[in-house]
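Coordinate-derived values only; no laboratory data. Just so you know, these numbers come straight off a predicted model, no measurement behind them. Neighbour counts are summed over all protein chains in view; Cβ atoms, including those assigned to glycine, are modelled from backbone coordinates with ideal geometry.
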Amino acid sequence: MRSYGEPMMQPGVRALEPFSIGGVQLRNRVVFPGHTTNFGVDSLPTPRHRAYLARRAEGGAGLVITEAVRVHPTSAGRDSTLGSYHPDAVPAFAALADAVRGAGAPLLAQLMHAGRQAAGDATRTASWAPSPISWTQGGPVPHAMTVRDIRTVVDAFADGARAMAAAGLDGVEVHLGHGHLLQQFLSPVTNARTDAYGGSFARRLRLAREVLESVAGALPSSMLLGVRVSADEFLPGGLEPDDVLEALSVLREVVPIDLLHVSHSAYVGQASLATQIADMSHGPAPYRRFPRRFKQEMPDLPVVAVCRIDDLAVADELLAAGDADLVAMARAQIADPDLVVKTGAGRSHEVRSCLACNQACIGRIELNLPLSCVVNPAAGEEEADAASRRDVSPGRSVLVIGGGPAGLTAAVTAAEAGAAVVLLEAGAPGGQVQHARRLAGRERLGLLVDDLVAAADRAGVDLRTGVAWTGTPEARPGRPAGGSVDAAAFDHVVLATGAVPARTSLPGTTVLDPLQAIALAEPGVEHRRLAVVDHEGSWVAAGLVEALARAGHRVHVVSPGAQLFGRVTLYSRVGLLDRLQALPVSTHLGRRPVRGVDDGLVLSDVVGAHEEVLPGVDLVVDVAPRRAHDSPLAALEALGLGGRTVVVGDALAPRSLVEATHEARRAVLSALGRPTTPGDPRA
């Protein structure tokens, strides 16, 4: 029996107990599951992949599964995905396996064909599917596969398995879920065929059976064979747990399955998709009932639970209840790759919390950009980040002006790199996140601030709240808090003063900015009929609209644009829109407010200038583009400190949390790696 690393034990923590699957011994029950990264080049894993996955293995993950390895070019969609069909796949995946196993964890490859959602401009390929049914309204219509196409896919899965065996991986996981090709054939919602691969349940299951038979036949007995399923499609007329259990019962009679990974949802332009990567609107482990059901029905089969298992306390509860044998934690280990190590060492209070915000992980994937993370800006940049930290010159001093997410990230980054750091914040730490966390459904954003403040304290940051930088030299590093600070006494200055809401007015009505409007969502506020004018399409307006409607207000969403909340990732937006349907919310796209009148608010069509009245609306919340609060920069430059100053986050240009934390970390490490200003007496 192979063993990868020593077991990491802590009394009372079930997730850290070792576990055996077939001939593979895991040091604990924590899985780093497959998820798209967009790190691929020419459909091959890269050094970036190796560093990313190995970092999670170093942090203690007991089992690592690659992102989907697409078995045929018709599944690629774009060349930043991974493919087993590339002629150089074996050496590339062998290097990946060596990196992960060298860090202490076995590696499985997730074999998949995406089916109808794989059409992409990048590869200029048509998608394949059982039937010509698009995945969303207005989506591309796929090619209905012929029997010869089906044989091609079956052979491609076998070839992919052989490639992974030649690369020396520990096993494969066949993806039979998430609305990908095998699930498309199995589901009556997506399979309208009348031949041997459609119609009856047995015929719809035929492709999955043939694929598993081909994969099992291609693998040596020493390799694991896992299957990932969606227990419920959450679609009218779609697959439900009883259907998937029946399918697995049939498949287990045909091939030996070593591991069952129980997920849910289908890849459709509906609310089902939002459950796949459940955001902060859901609670912890919201779909644990599915692995529980499968474990009860198949007690002899190791079962993996997945989705919003935020920390090992949640994992322990789930494992103790017998809901699963292993826990898959993707976003939690993206946010903190040392989650397992820290918890095992009794330092769970140091774990960076996943916000379940979906902004930099799946949000960037949706834009065909590489994965990142709001709370861990080094995610996906492990090699570059490590090199930057090695280049840091010791003994520097840093003044950070502003204590929002960017300023706190800058301060923690500098302090952990060995700099002496003073942070000035005119109010309370957290910036606008402290306001956003007051909204129902957005509370988890506050964990970012809480974790950064705690990290700043551990790193020795001199955090001075209620202190604004005035440019008057009254204190130096190490002096007691209070008063202002002489910026010239520091090697580097980070300006992170954020942004301020736009102040607008509208004739005949009252206009609030988003920060003022948050108070309307508090309990006990008189219900109003109001309009939220959304110029951005981001979570700023989306979060406000949902919270205000849940508080009992009648909300009209007015947008000059043609799309509702277009900057919110689709994986959250389809769920948000589904929730809003049950609330007192109506939408008015392609409209702008003109003026208030006695009986309501006048809107104008942005194209034809036609006017209409929203009856009874006498209050407007204007979510307009914010303005950078960068006025201290001029004072710093007047003091001759422009060369020592970096501006980060919204103070540079109003954007999102994604840019704020990433920019702050990168800018600080870059500054600390440069020599001090030539001629400076401290150089």
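Numerical summary
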read-out: Separation of alpha-carbon centers, segment 523-577 and segment 45-124, rounded to whole Å; value: 38 Å
read-out: Centre separation in Å (Cα based) which lies between segment 390-416 and segment 601-636; value: 36 Å
read-out: Under Karplus coefficients 6.51, -1.76 and 1.60, residue-wise ³J(HN,Hα) of segment 290-297 in Hz, glycine/proline x; value: 6, x, 4, 5, 5, 5, 5, 7
read-out: Shape call, the chain: gyration tensor on alpha carbons, a/c limit 1.5; value: oblate
read-out: Segments 345-356, 195-206, 367-378 sorted - mean Cβ within 10 Å per residue, highest first; value: 367-378, 345-356, 195-206
read-out: ASP338, ASP310 arranged by Cβ crowding within 10 Å, fewest neighbours leading; value: ASP338, ASP310
read-out: Efficiency of FRET from Cβ geometry, ARG674 and THR136, R₀ 51 Å, rounded to 0.05; value: 0.60
read-out: Exposure proxy order (Cβ contacts within 10 Å, fewest to most) of PHE490, PHE32; value: PHE490, PHE32
read-out: Additional length obtainable on full extension of the chain from ARG503 to GLU240, 0.36 nm per residue less Cα span; value: 89.6 nm
read-out: Net charge dipole size for segment 510-625 [Lys, Arg +1 and Asp, Glu -1 on Cβ; Debye, nearest 20]; value: 320 debye
read-out: Directionally averaged shadow of segment 582-683, computed from the convex hull of its alpha-carbon atoms, nm²; value: 11.6 nm²
read-out: Estimated 222 nm signal from helices in the chain, with DSSP H stretches of n ≥ 4 weighted -39500 (n - 2.57), rounded to 500; value: -9000 deg cm²/dmol
read-out: Cβ-based exposure ranking for ASP279, ASP605, ASP258, in which fewest neighbours within 10 Å come first; value: ASP605, ASP258, ASP279
read-out: Among 525-537, 386-398, the order from most to least packed when residues are scored by Cβ within 10 Å on average; value: 525-537, 386-398
read-out: Karplus (6.51, -1.76, 1.60) ³J(HN,Hα), θ = phi - 60°, over segment 38-46, in Hz, Gly and Pro reported as x; value: 6, 8, x, 10, 6, 6, 10, x, 10
read-out: Net length gained if the chain between ALA202 and ARG458 were fully extended (0.36 nm per residue, minus Cα distance); value: 86.2 nm
read-out: Per-residue HN-Hα couplings for segment 337-354 [Karplus 6.51, -1.76, 1.60; θ = phi - 60°; Hz; x = Gly/Pro]; value: x, 9, 3, 6, 4, 4, 5, x, 8, x, 10, 4, 5, 8, 5, 6, 7, 5
read-out: Length released on extending from VAL254 to LEU570, taking residue separation times 0.36 nm less the Cα-Cα span; value: 110.0 nm
read-out: Cα gyration tensor, segment 258-378 - rounded (a/c under 1.5), prolate or oblate; value: oblate
read-out: Evaluated at q = 0.08, 0.12, 0.15 Å⁻¹: base-10 log I(q)/I(0), Debye formula over Cα of segment 2-356; value: -0.34, -0.81, -1.33
read-out: Segment 476-620 shape via C-alpha gyration tensor axes, a/c threshold 1.5; value: prolate
